[in-house]
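Written out below as structure tokens is the structure these notes cover.
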There are 2 protein chains.
Amino acid sequence: MTDTILKKLQSIFGSEETFTDRETLTAYSYDAAHTEMLPEVIVFAKNEAQISALMKLANEERIPVTPRGAGSGLSGGSVPLSKGIVVCLDKMKAIKSIDTVNRLITLEAGVITSDIDAAVNPKGLFFPPDPGSTLFSTIGGNVAENAGGLRGLKYGVTKDYVKTIRVVLPSGEAVTLGAKTVKHVAGFNVEQLFVGSEGLLGIFTEFTLSLLPLPEHRESALAVYASLDDAAKTVAAIIEAGVTPSTLEIMDRFTINAIEDYKPCGLPRDAEAVLIIETDGYRESAIREMEKVQTVAAKHAVTRFVRAKDAAEREMLFEGRRVSLSALARVKPTTILEDATVMRSRVPDLVRAIQSIAKKYDLMVGTFGHAGDGNLHPTFLVDKNDKDMMHRCEMAVKELFAATIAMEGTISGEHGIGIEKKPFLKDQLGDAGVKLLRDIKKTLDPNGILNPGKMF
Amino acid sequence: MTDTILKKLQSIFGSEETFTDRETLTAYSYDAAHTEMLPEVIVFAKNEAQISALMKLANEERIPVTPRGAGSGLSGGSVPLSKGIVVCLDKMKAIKSIDTVNRLITLEAGVITSDIDAAVNPKGLFFPPDPGSTLFSTIGGNVAENAGGLRGLKYGVTKDYVKTIRVVLPSGEAVTLGAKTVKHVAGFNVEQLFVGSEGLLGIFTEFTLSLLPLPEHRESALAVYASLDDAAKTVAAIIEAGVTPSTLEIMDRFTINAIEDYKPCGLPRDAEAVLIIETDGYRESAIREMEKVQTVAAKHAVTRFVRAKDAAEREMLFEGRRVSLSALARVKPTTILEDATVMRSRVPDLVRAIQSIAKKYDLMVGTFGHAGDGNLHPTFLVDKNDKDMMHRCEMAVKELFAATIAMEGTISGEHGIGIEKKPFLKDQLGDAGVKLLRDIKKTLDPNGILNPGKMF
């Protein structure tokens, strides 16, 4: 990074928003995955014009640029793998408008995801995608990773709520993709190509997102099982019975006990597995759906089915689920969190595969996740200083992904490819599939300056 | 088309599925839009390998290929504008599997859309997208056009139900895009780029689509208005009240009377407008939603609100809506059907714009459509032999699209760009937006052999 380039960056972003000191560079060298790389410069953007100017400069000088929100991503998407410039958008956090008639919100990319609900809940609306990072992740990052969450099986994921994207292309040109209307078929569905593009195709500055009316009522319950397999089988049976809960989470004995050690939430330590279930909608429908769920559970060897009596009881259930990753992360120095995803009918097979692979490689594993959409989070608890253990873990992950693909599943349900799953993408998509992605990337970013080294 | 090429086509498709006679060529020279062009050859595909071989041949010989399903498209997507070869997929109509646990159907591209419901309704499932052409359109065409329908506001459109696409790329290579899982973020969201690509990016051979459980109950009603404006205002007010009907259609006086002339359905000839409304879900919810709708309508000067008492009454209401286009098409020799779409809050403005533009250009217009998702079908009734009238109609359409774009709407909600709306795409997307589409097209189809001359 020459002084000339640094001066140009300072003139674009202001010297007060341009950093090269070791401390700041270090703070922006990692995200919630496992790779670190020091960038050469960090700049904080305040508007689209700055980002356009940055991309033009970066193209001229062939400098890699990595966009970043809160750095809460789990696949390394915001790590500046090729050094260069990190452009941070977390200061672009204006909510520009809330439209209750059309159920839309227009906002900048740096808005923290949970701030959307804080702004729209009082108006009777909500933003359904709720990744675990919602309290600190930015909506820009969520769109770039197509973030999921606990309500995916009923409400879908981030992509289902993106109406328009304002994006600075790698060339520096800014375009608006999509439309604010419910339906829009003018041109290719290119806005959806950009959702989940992991910072490889453009830098998002603004979105219009759709919202839904808050459901009138929620019913929550805990189903307790003496066998992980029975819990997993119940998941598919609930869906087959025509019920679509708003949440349908699974946790195994290991995870339950890690949670109770970390933050007691009243979960049954002796259970082999639990399901946390929520139905919502009109009061009568939510209740009827929960009754159907209970009936299905009873047919699948549930040992206890506890309906939350009030908000406090529900809150305690969900708190357990929310802290599960933190609780597991305390057990060992290193946490390898995966998000293998299969069709719901295959959840029992995936659960069995996780157990047998962990046993084969003598690894500690806690399994929890969004069973209702087939998206599990097997979490290997290891120690990165133990080379033999790390090697066994690598083998286990490889075997897990092979098993997932063999079940017609996907190596990533919601965390993205980034750095972490790059070696496995070809197994998922095949050579022709990866070539298609590469071709698209090359078309939009011929100099390969935007977030290089990721995905493929 | 040389004899050598024809022989090669015959060896790929069999001489019994390769046609060059004038009669067959004529039958495949048009769709439900307004442009005709004779192809040089028609071939009927039976499998993917044939289509791959076709694309390789077409690339070598630089012959345009236009894929076609039932030819029910309304924007000219399947018209062979550059002559060459039409490849028809309507003989690839196998339903390969129905998976009730995962709510999925896997089927070939030539399956007729309504055959999906016929196959899955008995299993308690349904396929929500229901374009007007559902009884004869193919699912391949629906995916290529991202078809909409009457249930879009609650259930979304075709793109929301596409899990995987098997596609033969312009190069002849076949790939599977997407995954059967509920969530999938491995690689760019490229399956969604192909939905609505209007036959420009690849030829679809097979899909896995998601299904939903059939709702337990439906409530239907007719709301009658003495003013079109009041009907339009009711639409936005219903949504703002937090209700999402499964159907919310509008019809103006002109359309109502055309229907009653064509096929009496008991619609009120003296009304200025009607809304046809359906709510669905659990019995109690559907009833409560309809009650909310009725309350909102009462606040917006509804003159009568008639709830359908049984299936026969509901059927009659929907029959009126279904025949509206046919009814209007009888009035004059030529029907110019548009699908301008705005946010729901702007439906009253769009309705007023349609009326005033029709008046300004002295044109007959009937307006009906999916008001609940802001998607109207203003239908100009003209005579293609009257040059002055056609010129006035052209001016009117131009003005209508300008008004739609000025309202942040879209020139096409569900019919696509094809040939018909090509001149307006730039107004919608801007130069940079169109360039992005062109770049993607060029990357995938460098020789420009697949459905050339369309969209941009």
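The values are calculated or read from the model by the stated rules, or taken from the named source; none is laboratory data. Quantities reported herein were computed from a predicted structural model and do not represent experimental measurements. Cβ atoms come from the backbone with ideal geometry, glycine included; neighbour counts cover every protein chain shown. For the accessible areas, the whole protein counts, side chains as well, though only heavy atoms, and no ligand, DNA or RNA atoms are used. Shrake-Rupley method; radii C 1.70, N 1.55, O 1.52, S 1.80 Å.
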Considering only the stretch A:371-391, I want to know if a residue exists there that is away from chain B (no Cβ under 13 Å) and under 28 Å from B:Lys163 (Cβ atoms).
yes
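If we scan the stretch A:236-248, do we find a residue that is small (Gly, Ala, Ser) and part of a strand (DSSP E or B)? Let's see the steps before the verdict.
Taking the stretch A:236-248 as the starting set, the residues that turn out to be small (Gly, Ala, Ser) are A:236-237, A:241-242, A:246.
Subsequent filtering for residues that are part of a strand (DSSP E or B) retains none.
Looking for residues that are small (Gly, Ala, Ser) and part of a strand (DSSP E or B), one finds none in the stretch A:236-248, hence no.
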Every residue in the stretch B:198-215 that is among the hydrophobic types (A, V, I, L, M, F, W, C), over 24 Å from B:Leu437 (Cβ atoms) and either more than 24 Å from the chain's Cα centre (by Cα) or open to solvent by 10 Å² or more (accessible area, probe 1.4 Å) (or both), please.
B:Leu212, B:Leu214
Look through A:Asp160, A:Asp115 and report the one residue that is within 11 Å of chain B (Cβ to nearest Cβ), outside any strand (DSSP E or B) and surrounded by fewer than 21 Cβ atoms within 10 Å (Cβ to Cβ).
A:Asp160
Sort through B:Val243, B:Val195, B:Val190 and tell me the only one that's of a type in the set (A, V, I, L, M) and crowded, with 24+ Cβ neighbours inside 10 Å.
B:Val195
Looking at (1) touching a residue at least 40 places away in the same chain (Cβ under 8 Å); (2) farther than 27 Å from B:Ser324 by Cβ, which is the only condition B:Ala371 fails?
(2)
Let me spell it out: the conditions are (1) β-branched (Val, Ile, Thr); (2) open to solvent by less than 10 Å² (accessible area, probe 1.4 Å); (3) in contact with a strand residue (DSSP E or B) (Cβ under 6 Å, 6 or more places away or on another chain), and B:Val365 meets all of them except one. Which number is the exception?
(2)
Filter the stretch A:283-307 for residues that are within 14 Å of chain B (Cβ to nearest Cβ) and open to solvent by 50 Å² or more (accessible area, probe 1.4 Å); the one that is nearest to A:Pro213 (Cα to Cα) is A:Arg283
Residues of the stretch B:411-456 that turn out to be hydroxyl-bearing (Ser, Thr, Tyr) and more than 25 Å from B:Val175 (Cα to Cα), as a count
1
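Given the structure, is A:Gly132 in a loop (DSSP other than H, G, I, E, B), within 11 Å of chain B (Cβ to nearest Cβ) and within 24 Å of A:Gly73 (Cα to Cα)?
Details: in a loop (DSSP other than H, G, I, E, B): yes; within 11 Å of chain B (Cβ to nearest Cβ): no; within 24 Å of A:Gly73 (Cα to Cα): yes.
It is false that A:Gly132 is in a loop (DSSP other than H, G, I, E, B), within 11 Å of chain B (Cβ to nearest Cβ) and within 24 Å of A:Gly73 (Cα to Cα).
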Filtered residues of the stretch B:54-107 (kept if under 20 Å from the mean Cα position of the chain (by Cα), aliphatic (A, V, I, L, M) and within 14 Å of chain A (Cβ to nearest Cβ)):
B:Leu74
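Taking the stretch B:432-456 on its own, how many of its residues are on the phi > 0 side of the Ramachandran plot and more than 10 Å from chain A (Cβ to nearest Cβ)? Outline the logic, then answer.
Initial filter on the stretch B:432-456 (on the phi > 0 side of the Ramachandran plot): B:448, B:451, B:453, B:455.
Narrowing further to those that are more than 10 Å from chain A (Cβ to nearest Cβ): B:448, B:451, B:453.
Of the residues in that region, 3 qualify.
Looking only at the stretch B:265-275, decide whether some residue is at pLDDT below 95, in contact with a helix residue (DSSP H, G or I) (Cβ under 9 Å, 6 or more places away or on another chain) and either part of a loop (DSSP other than H, G, I, E, B) or within 12 Å of another protein chain (Cβ to nearest Cβ) (or both).
Of the residues in the stretch B:265-275, the ones at pLDDT below 95 are B:265-266.
Now restrict to residues that are in contact with a helix residue (DSSP H, G or I) (Cβ under 9 Å, 6 or more places away or on another chain): B:265-266.
Going one step further and asking which of them are either part of a loop (DSSP other than H, G, I, E, B) or within 12 Å of another protein chain (Cβ to nearest Cβ) (or both), we end up with B:265-266.
Yes - at least one qualifying residue is present in the stretch B:265-275.
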Leading residue by the ranking (modelled with the lowest pLDDT) among those in the stretch B:1-26 that are of a type in the set (A, V, I, L, M, F, W, C) and open to solvent by 50 Å² or more (accessible area, probe 1.4 Å)
B:Met1
Candidates B:Gly110, B:Gly148, B:Gly140 - the one that is touching a residue at least 40 places away in the same chain (Cβ under 8 Å), assigned to a loop (DSSP other than H, G, I, E, B) and away from chain A (no Cβ under 11 Å):
B:Gly110
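Yes or no, residue by residue, for (1) in contact with a Ser or Thr (Cβ under 8 Å, 6 or more places away or on another chain); (2) open to solvent by 10 Å² or more (accessible area, probe 1.4 Å); (3) among the aliphatic types (A, V, I, L, M):
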| position | (1), (2), (3) |
| --- | --- |
| B:Lys332 | no, yes, no |
| B:Thr341 | yes, no, no |
| B:Arg344 | no, yes, no |
| B:Phe380 | yes, no, no |
| B:Met395 | no, yes, yes |
| B:Gly418 | yes, no, no |
Restricting the stretch B:402-431 to residues that are more than 10 Å from chain A (Cβ to nearest Cβ) and of a type in the set (A, V, I, L, M), which is nearest to A:Lys163 (Cα to Cα)?
B:Ala406
Please work out if B:Glu399 is open to solvent by 10 Å² or more (accessible area, probe 1.4 Å) and either at pLDDT below 95 or closer than 27 Å to B:Val243 by Cβ (or both).
no
Can you tell me which of A:Asp310, A:Asp261, A:Asp252, A:Asp280 is among the acidic types (Asp, Glu), open to solvent by 60 Å² or more (accessible area, probe 1.4 Å) and either farther than 30 Å from A:Phe126 by Cβ or under 27 Å from the mean Cα position of the chain (by Cα) (or both)?
A:Asp261
Could you check how many residues of the stretch B:36-58 are open to solvent by 20 Å² or more (accessible area, probe 1.4 Å) and either part of a loop (DSSP other than H, G, I, E, B) or farther than 18 Å from B:Ser197 by Cβ (or both)?
10
Does A:Ala144 satisfy being among the hydrophobic types (A, V, I, L, M, F, W, C), modelled with pLDDT of 95 or more, farther than 29 Å from B:Ser285 by Cβ and open to solvent by 30 Å² or more (accessible area, probe 1.4 Å)?
no
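Kindly establish whether B:Ile95 is among the aliphatic types (A, V, I, L, M) and open to solvent by 20 Å² or more (accessible area, probe 1.4 Å). Quick ask: steps written out before the conclusion?
Details: among the aliphatic types (A, V, I, L, M): yes; open to solvent by 20 Å² or more (accessible area, probe 1.4 Å): yes.
Judged against the criteria, B:Ile95 is a match.
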Output yes when any residue across the stretch B:355-365 is modelled with pLDDT of 95 or more, farther than 30 Å from A:Ile105 by Cβ and either part of a strand (DSSP E or B) or within 14 Å of chain A (Cβ to nearest Cβ) (or both), and no when none is.
yes
A:His184 fails exactly one of the following numbered conditions: (1) more than 7 Å from every other protein chain (Cβ to nearest Cβ); (2) open to solvent by 10 Å² or more (accessible area, probe 1.4 Å); (3) more than 24 Å from the chain's Cα centre (by Cα). What is the number of that condition?
(1)
Cβ contacts < 6 Å: first residue under 23 Å from B:Gln355 (Cα atoms) and more than 10 Å from chain A (Cβ to nearest Cβ), restricted to the stretch B:228-241; second residue outside any helix (DSSP H, G or I) and of a type in the set (D, E, K, R), any location; separation 6+ or different chain. Result?
B:Leu228/B:Asp252; B:Leu228/B:Glu272
Residue count, the stretch A:187-206, condition farther than 17 Å from A:Lys442 by Cβ, within 8 Å of chain B (Cβ to nearest Cβ) and part of a helix (DSSP H, G or I), comes to 1
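Looking for whichever is in a loop (DSSP other than H, G, I, E, B), open to solvent by 20 Å² or more (accessible area, probe 1.4 Å) and touching a residue at least 60 places away in the same chain (Cβ under 8 Å) here; the options are B:Gly172, B:Gly73. Which one fits?
Working: B:Gly172 fails: open to solvent by 20 Å² or more (accessible area, probe 1.4 Å).
Result of the check over B:Gly172, B:Gly73: B:Gly73.
How many residues are part of a helix (DSSP H, G or I) and in contact with a helix residue (DSSP H, G or I) (Cβ under 9 Å, 6 or more places away or on another chain) if we restrict to the stretch A:407-434?
Taking the stretch A:407-434 first, the residues part of a helix (DSSP H, G or I) are A:422-434.
The next check asks that each one be in contact with a helix residue (DSSP H, G or I) (Cβ under 9 Å, 6 or more places away or on another chain); those that pass are A:423-429, A:433-434.
Selection size over the stretch A:407-434: 9.
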